[in-house]
Amino acid sequence: MQDLTPDLCDLYAERIQIADSIFQDFGGQECFHGQVVTVSCFEDNSRVRELVGEPGAGRVIVVDGRGSRRRALLGDMLAEKAANNGWAGLIIHGAVRDAVALSKLALGVKALCAFPLPTIKRGLGEVGNTVDFAGVTIRHGDYVYCDRNGIVVSQEALSLPS
């Protein structure tokens, strides 16, 4: 289903949050959803690197990079690892790189922009924090639903329209 979020908005308007339309699609999977694993980091993707190496089980990594557009928090190698380990996608409040390669992967990727410079690995960042950006609050364990129309956030799993 490619137009998932409009249907969810029609069915669950009182139970969801809708992110501001600031994200671009970079992954080869434009429609994706799953339970959230949150990461807070700034221009250091060390925690993202660790997470994509773990089994994803259809979950979505939500990265609060504080909106930095100066360092890419995801590139082709980490994205490929995420896809191979069963992650449904990543939402990055920051930048990505290797945009052409990302578009060929069976992985959902939403980010603010593409920027070619990688991060500096200093081992910084935290997993499991509540994050706030784009007009929504996302908690570790929430559910996100993404397509070309936008991002919908729910505290519980929603029944998908058929």
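The values are calculated or read from the model by the stated rules, or taken from the named source; none is laboratory data. Computed from a predicted model, the values in this text were never measured in an experiment. Positions of Cβ are backbone-derived with ideal geometry, glycine not excepted, and every protein chain shown enters the neighbour counts.
Do we find that Cys146 is under 30 Å from Leu11 (Cα atoms), at pLDDT 95 or above and in a strand (DSSP E or B) in this structure?
yes
Name every residue in segment 1-38 that is polar (S, T, N, Q) and either over 26 Å from Ala83 (Cβ atoms) or without any contact (Cβ under 8 Å) to a residue 40 or more places away in the chain (or both), in order of residue number.
Across segment 1-38, the qualifying residue is only Gln17.
Would you mind stating whether Glu80 is over 14 Å from the mean Cα position of the chain (by Cα), touching a residue at least 12 places away in the same chain (Cβ under 8 Å) and surrounded by 15 or more Cβ atoms within 10 Å (Cβ to Cβ)?
The answer is yes for Glu80.
Looking at Asp25, Asp44, which is the one that is among the acidic types (Asp, Glu), crowded, with 16+ Cβ neighbours inside 10 Å and under 13 Å from the mean Cα position of the chain (by Cα)?
After applying the criteria, what remains is Asp25.
Filter segment 1-16 down to the residues that are touching an Asp or Glu at 6+ places or on another chain (Cβ under 8 Å) and not aliphatic (A, V, I, L, M), then identify the one that is nearest to Tyr145 (Cα to Cα).
Thr5
From the list Lys110, Lys121, which one is in a strand (DSSP E or B) and either basic (Lys, Arg) or modelled with pLDDT of 95 or more (or both)?
Result of the check over Lys110, Lys121: Lys110.
Please determine, by comparing only the residues of segment 28-37 that are in contact with a Lys or Arg (Cβ under 7 Å, 6 or more places away or on another chain) and not aliphatic (A, V, I, L, M), which one is surrounded by the most Cβ atoms within 10 Å (Cβ to Cβ).
Gly34
Does segment 83-90 include one or more residues that are free of Cβ contacts under 8 Å to residues at least 40 places away in the same chain, of a type in the set (S, T, N, Q) and either crowded, with 16+ Cβ neighbours inside 10 Å or assigned to a loop (DSSP other than H, G, I, E, B) (or both)?
yes
Anything in segment 149-162 that is more than 23 Å from Glu43 (Cβ to Cβ) and either among the aliphatic types (A, V, I, L, M) or at pLDDT 95 or above (or both)? List them, or say none.
Residues satisfying the conditions are Asn149, Gly150, Val152, Val153, Ser154, Gln155, Glu156, Ala157, Leu158, Leu160.
Scan segment 40-65 for residues that are within 19 Å of Val131 (Cα to Cα), part of a loop (DSSP other than H, G, I, E, B) and free of Cβ contacts under 8 Å to residues at least 60 places away in the same chain and jot them down.
Within segment 40-65, Arg59, Gly65 meet the criteria.
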